[in-house]
Structures are given as C-alpha cells and as structure tokens.
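Just so it is clear, none of the values below were taken in a lab; they were calculated from the coordinates. As the structure is a computational prediction, the values presented were derived from the model and not from experiment. Here Cβ is always computed from backbone atoms with ideal geometry, including for glycine, and neighbour counts include all displayed protein chains.
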Amino acid sequence: MKPIPQADHFPLIQRLTQACGGSYRPEQRRRYFITGPQWAAAYEGQAVFHAPTRPPIGFEDVIRRFAEIGIGYWCTHDTDVIPYDALFQDRQWEITGKIKESLDANGLKCSMVTTETFHHPVFAAGPAAEAPAIREYAKRRLANTVEIGHTLGAQFAVYWPGTLGYQVQGAVEETQTLQWYAEGLNHACETDIAVAARHNRPTLKHCLEAKPFEPAAEILLPTSDAMLAFISSGLLKHPDMVGLNPEYLHELMWGAAPRAALARALVCGKLFHFDINDGYRLKHDVDIGIGLINPLDWLCVLVLLRSHGYAGPFNLDYKPPRTTSQEGVFAVSFPTAVDRFITLWEMAGEVISDSVIKDATEALKAGGEPEDPSSAQSVFEAQRELLTLHELIAHRLFQILIGQHRGRTFSI
C-alpha cells in the first residue's frame with residue numbers, strides 16, 4: 001500500500017465518519033442535558049508516563065466547537081480557565097466576563113463549576129491538611145468558585161476530594177480530617193446562600209464525586225456510599241444542599257456495579273449530577289468515551305435513570321484518546337460520544353416500553369402461588385419456571401441493544 005499524503009488524512013476521516021451514519025443533528029443533540037467539560041476538550045494527551053500529543057486550546061475555541069457539535073452546556077474547573085496568579089484579582093473577572101460573552105455568543109450555558117484542589121502543590125497534603133493556612137486558602141477558593149458559578153449562571157458545584165487521605169500510615173487522624181473537610185463544604189454552602197441571595201438566584205447544588213483509586217494511597221471518601229454516609233454524618237450544616245456526582249468509571253474501577261451505586265443515591269434523593277464515561281474494573285482511571293466498553297451495562301444504567309425520572313446533567317467526563325488529533329477531538333470524539341449516549345438513552349425508552357420485558361417483569365412480580373406457603377420447597381416449586389424469565393430479560397436487552405428485536409439477523 002502507498003503512504004497516504006498528509007493532505008488526504010482528514011478528508012479520509014470525514015468520509016469514513018459520514019459512512020458510519022447514525023449521527024444526530026446539532027439541534028437534536030441540544031435537546032438533552034449533555035454537558036461538555038473544558039478539561040475534557042482541552043486534554044492534551046498527557047499522563048504520568050506520557051507526553052502530550054495535542055496542543056493547548058482555550059475556552060473560546062472549546063465553546064465554539066461545542067456549539068457546532070450541538071453540546072448545549074459547558075463546565076470547568078476554576079484553574080482550567082483562570083491562571084493561579086489571576087485568582088482573586090481583577091483579571092479573574094475579566095476572564096469570567098469573556099467566558100460569559102463566549103457562552104452567550106454561541107448559545108451555550110454554564111452548567112457547573114468545580115474548584116481544583118488537587119493539582120497545585122499547595123494541596124500536596126490534601127484540601128483539608130493539618131496546616132490552618134492551607135485549609136483557609138481552600139475555603140477561599142471554594143467561596144471564590146461559588147461566586148464565579150453564580151456569575152456564569154451555573155446550577156451545580158462539584159467537589160472531588162481525591163487527595164483527602166494519605167500516602168503513609170499514621171500521617172493523619174481520619175476523623176479530624178473529615179471534620180476539617182466538612183468545614184470547607186460548610187463554608188462553600190454558607191457563601192452560596194449569601195451569594196445566591198445577592199444575585200437573586202437559587203443556590204447551587206453541591207455535589208461530591210468519589211474516586212476509589214489514586215492519587216492518595218488511602219482515600220477517606222473513596223466511594224459514593226462513603227459520601228452518602230458523610231453527608232448524613234451530622235458534620236454538614238446544610239446537608240440538604242449537598243448530594244452526589246457519581247462517575248460511572250469511578251464506581252466501576254473498584255469492582256462495584258455503577259447501576260447499584262446510582263440506585264442507592266436515588267433512594268437517598270442525592271443523585272444531583274452524573275459524570276458519564278466508560279472503562280474497566282480494577283484498572284487505572286482511563287476515562288474512555290461512553291458505551292465503548294460496556295454498552296449493555298450502560299443501557300441498563302439509563303433504563304434505571306429513565307425509570308426514576310432523572311433530569312440532571314450527563315457530563316462527558318472522559319479523555320479523548322491520545323491517538324486522536326486535535327481536529328479529531330471535535331470532529332469525531334465528542335460527536336460520537338454524544339450520539340452513543342443519545343442512542344442508548346432512546347434504547348432505554350424502548351426497554352421500558354417493550355412488551356416482552358414488561359410482561360416478564362410483571363410475571364416475576366406476581367409470582368406463583370404455592371400449595372403450602374409454609375413450605376420452602378413448595379414456595380420454590382411455585383416460582384421454578386417463572387425464574388427462567390431472568391435470563392430471558394437479559395437476552396431481550398441484548399436483542400434491543402443490537403437491533404435484533406427489529407428483525408436484524410445474520411445469514412449463515
């Protein structure tokens with residue numbers, strides 16, 4: 001084969017992308033509460049052992065490209081867009097003003113803001129370190145981000161305490177660290193109440209995001225369940241303002257079932273926000289685009305959320321692969337991630353209304369009538385055949401996933 005001239009690379013990708021089909025128009029994509037993070041689009045391909053593969057890109061270009069794709073919402077960490085030396089300065093508000101102008105010009109809204117309390121060396125011992133000056137600085141940052149959020153019209157604030165822990169044994173006293181962390185959240189919520197009143201807006205929804213592995217060796221709030229317990233611990237002054245932002249992969253990483261974690265959050269009324277991506281169990285946080293690894297599981301997740309009326313954001317918290325070019329990030333990676341989500345979401349609607357699944361589910365709920373309700377064997381015998389429907393339901397889900405329920409077959 002002859003080498004492909006560089007000028008022909010992107011036309012080839014465009015042709016093959018169009019040949020894939022199955023894409024949605026930008027106006028169709030905007031019907032869904034899909035949010036695009038600045039950090040995902042601006043990810044340069046760097047990692048612990050890897051150099052960047054893409055050049056930097058600013059928020060103006062990211063917002064413009066999101067608008068072209070049909071992603072209607074944008075979100076960011078504070079220092080994704082505001083340099084450290086501009087924080088708390090007039091320059092911060094100049095940048096915020098430019099972001100607002102860019103959002104308005106492209107018809108996007110800011111959905112969420114989050115404070116980076118993990119990258120800078122000031123947080124080497126975490127956002128709730130022993131040193132009072134570090135904790136006070138963290139509080140200032142949280143309060144500042146709340147102000148930025150209201151200025152940009154955000155609805156949510158997310159917190160990722162991935163460094164709330166320790167690398168070596170005995171370094172921290174865990175209960176004290178949790179109390180200090182609660183003080184930071186309390187300060188953020190109390191600031192929010194005051195700022196929201198000043199802006200004549202509702203308060204933000206404050207969302208905790210769990211991550212079981214990395215960067216600390218031992219993490220104090222590693223799972224969504226741990227965070228539910230923390231919210232109800234009595235340490236928070238405004239627990240009604242605080243909920244969860246589960247991330248699909250963060251729940252999967254430690255061997256859990258994301259659907260079960262989401263169900264527990266729903267039962268507690270604490271599922272505020274949801275980061276969507278994909279990956280592998282018991283692995284590094286690879287942040288692959290939704291549906292590329294576990295499409296059947298994702299279908300089941302969305303069936304759960306549709307069944308319970310979840311109306312919050314679906315945040316595309318993933319990393320476009322290091323092999324994808326800068327142009328490919330916006331021409332291939334983000335559009336296809338959005339389209340897979342939409343397809344799976346609409347498939348979930350089909351599952352909910354499917355007569356086979358509905359009849360099987362209702363039959364299982366009705367159960368069989370035993371001849372002797374006091375006999376375990378009699379009770380079992382009355383259900384014996386009905387329990388086969390569990391496997392039938394799983395098969396039907398697979399059929400819906402691949403389109404077999406619509407008559408798709410393979411000739412052999």
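For this structure, a couple of remarks:
- Per-residue HN-Hα couplings for region 217-233 [Karplus 6.51, -1.76, 1.60; θ = phi - 60°; Hz; x = Gly/Pro]: 6, 10, 9, 7, 10, x, 9, 4, 5, 4, 6, 4, 5, 4, 4, 8, 6
- Footprinting exposure proxy for D90, D278 (fewest neighbouring C-beta atoms within 10 Å first): D90, D278
- Net charge of Cβ neighbours under 14 Å - reference S375; Lys, Arg +1; Asp, Glu -1: -3
- Under 5 Å between amide hydrogens, built in the peptide plane, is the criterion, and for T114 it picks out T76, H77, D78, V158 among residues at least 5 positions away or on other chains.
- In this simple spin-label model, placing a label point 7 Å from the Cα along the Cα-to-Cβ direction at both T361 and E130 gives a separation of 5.4 nm.
- Couplings for region 286-301, taken from phi via the Karplus curve 6.51 cos²θ - 1.76 cosθ + 1.60 with θ = phi - 60°, read 6, 6, 8, x, 3, x, 7, 10, 10, x, 5, 5, 5, 4, 5, 4 Hz in order; Gly and Pro are left as x.
- Listed values for region 396-407 are Karplus-derived 3J(HN,Hα) couplings in whole Hz (6.51 cos²θ - 1.76 cosθ + 1.60, θ = phi - 60°), namely 5, 4, 4, 4, 5, 4, 9, x, 5, 5, 9, x, and x replaces Gly and Pro.
- For S325, residues with placed amide H under 5 Å, excluding near neighbours: none
- Sites listed here are chymotrypsin sites (Phe, Trp or Tyr not before Pro) in region 7-71 whose DSSP assignment is loop and whose Cβ has at most 13 other Cβ atoms within 10 Å: F49.
- Three-way shape call for region 1-109 based on the alpha-carbon gyration tensor, with the a/c threshold at 1.5: oblate
- Annotation: amide H-H contacts under 5 Å for F274 (H modelled 1.01 Å from N, sequence separation of 5 or more, or interchain): N315.
- Proxy reagent accessibility, fewest Cβ within 10 Å first, across W254, W160: W254, W160
- Computed extension gain for E218 through Q167, at 0.36 nm per residue and net of the alpha carbon distance, reaches 17.7 nm.
- Radius 13 Å from Cβ of L142, net charge of other residues (Lys, Arg +1; Asp, Glu -1): -3
- Relative to its Kirkwood radius, the Cα radius of gyration of the chain gives an Rg/Rh of 1.01.
- When +1 charges are put on Lys and Arg Cβ atoms and -1 charges on Asp and Glu Cβ atoms, the dipole computed for region 2-113 relative to its Cα centre reaches about 620 debye.
- Within region 24-352: Cβ-based charge dipole about Cα centre, in debye rounded to nearest 20 (Lys, Arg +1; Asp, Glu -1): 640
- With all projection directions averaged, the alpha carbon convex hull of region 189-241 covers 4.4 nm².
- Sites matching trypsin sites (Lys or Arg not before Pro) across region 367-412 that sit in DSSP coil, with at most 10 neighbouring C-beta atoms within 10 Å: R384, R408
- In this label model, K109 and S232 are separated by 3.1 nm, measuring between points 7 Å along each Cα→Cβ vector.
- Residue range of the chain that is longest and free of GluC sites (Glu not before Pro) which are both DSSP loop and sparsely packed (at most 12 other C-beta within 10 Å): 174-370
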